[in-house]
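Asker: I am attaching a structure below and will ask some questions about it afterwards.
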Amino acid sequence: MPKRPTIKLAPSILSADYIRLGEQIAEAAAAGADYLHVDVMDGHFVPNINFGPLLVEAVHSCTPLPLDVHLMVEGPERLIPWFVKAGAAIVTVHAEACRHLHRVVYQVKECGARAGVALNPATPLAAVEEVLADLDLVLVMSVNPGFPAQKFIPGAVGKLARLRQQLDEGGLAAELEVDGGISTETVPAVVRAGARVLVAGSAVFNRRESVAQAIGRLRHSVRAALGSGE
Ligand code: DX5
Ligand code: ZN
């Protein structure tokens, strides 16, 4: 029987209660989160604006979880050293925001972090193909970035499956991550398509349940999707 893949969960603090941010992060860590996803928006690449390196530094000082920093910014090369110094373990840039993507990927690595590239829903896989072998992570956006709690765009499923095939056929180790609209409803499709890191914001941090309950329900959906008999 083929070995079941390990699926990582990366709660996004974009949807956390900022007044209790430290507590919410501790809850996510205690519930078995693998990464902590930190969305960074500049008001240019995406309409919204939020966290900077100082917040990343504060988060890094309060948790052992690796920080998966998603830079939704124009010209990320200006900011990469700041975010790595602040404690980012993974820095993901958008292919659409980089004129010299290969150079930016190596800048992230030379600064000392793992390098990821994200693709917007309308961006074809071809935008990342030539650097796929250089990446530690590739992120398929399943919403147009900028806001939490948006509706999952179903086209992401086929894109994940095609990328999974490319990674497997090429023997490439980049982690395949999906971000946007991930919930117990969408987990089965993305896991079966080959995603290995699931970002979840509003499905983890919400007023309906505790962080532990939310993570528990997502894990259950993952196990069900992989056919562990639960
Ligand atoms: C979207 C961000 C996401 C966001 C996801 O612009 O990149 O990481 O937090 O939120 P949900 O999981 O609520 O769609
Ligand atoms: Zn994100």
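Asker: Using a 1.4 Å probe on the protein heavy atoms only, what accessible surface does Ile153 show? Give it in Å² to the nearest 10.
Answerer: 60
Asker: Further, regarding this structure: Give me the lysines in straight-line cross-link reach of Lys109: C-alpha distance below 25 Å, same-chain residues under 8 apart excluded.
Answerer: Lys8, Lys85
Asker: Once you wrap a convex hull around the alpha carbon atoms of segment 26-109, what is its projected area averaged over all directions, in nm²?
Answerer: On the way: hull surface 21.9 nm².
Computed as one quarter of the Cα hull surface, the answer is 5.5 nm².
Asker: Remind me, what semi-axes does the chain give for its equivalent ellipsoid, largest first in whole Å, using sqrt of 5 times each Cα gyration tensor eigenvalue?
Answerer: For the chain, the ellipsoid semi-axes come out as 24, 23, 16 Å.
Asker: Among Ile25, Leu218, Leu119, whose Cα projects farthest towards the positive end of the dipole of the chain, with charges put on the beta-carbon of Lys, Arg (+1) and Asp, Glu (-1)?
Answerer: Leu218
Asker: Ok, one more. Tell me, which longest segment in the chain has none of the trypsin sites (Lys or Arg not before Pro) that fall in DSSP loops with at most 14 further Cβ atoms within 10 Å?
Answerer: 4-98
Asker: Normalised radius of gyration for segment 116-166, please: alpha carbon Rg relative to 2.2 N^0.38 Å, two decimal places.
Answerer: After normalising by residue count via 2.2 N^0.38 Å, the value is 1.13.
Asker: Tell me, what is the per residue accessible area of segment 88-164 in Å², probe radius 1.4 Å?
Answerer: With the other protein chains kept in place, segment 88-164 gives 43 Å² per residue.
Asker: Between Phe147 and Asn48, what is 0.36 nm times their sequence separation minus the Cα-Cα distance? Round to one decimal in nm.
Answerer: 34.9 nm
Asker: A further question follows. First measure r as the distance between the Cβ atoms of Glu129 and Arg78, then evaluate 1/(1 + (r/R0)^6) with R0 = 22 Å and state the FRET efficiency to the nearest 0.05.
Answerer: The calculated FRET efficiency here is 0.25.
Asker: Give the carbon-plus-sulfur fraction of the accessible surface of segment 73-230 in %, rounded to a whole number; probe 1.4 Å, heavy atoms of protein chains only.
Answerer: Ligands and nucleic acids excluded, carbon and sulfur give 52 percent.
The values are calculated or read from the model by the stated rules, or taken from the named source; none is laboratory data. Keep in mind the model is a prediction, meaning the values are calculated, not measured. Backbone-built Cβ (ideal geometry, glycine too); neighbour counts: all protein chains shown. Side chains are part of the model used for accessible areas, which takes the heavy atoms of the whole protein and leaves out ligands, DNA and RNA. Shrake-Rupley method; radii C 1.70, N 1.55, O 1.52, S 1.80 Å.
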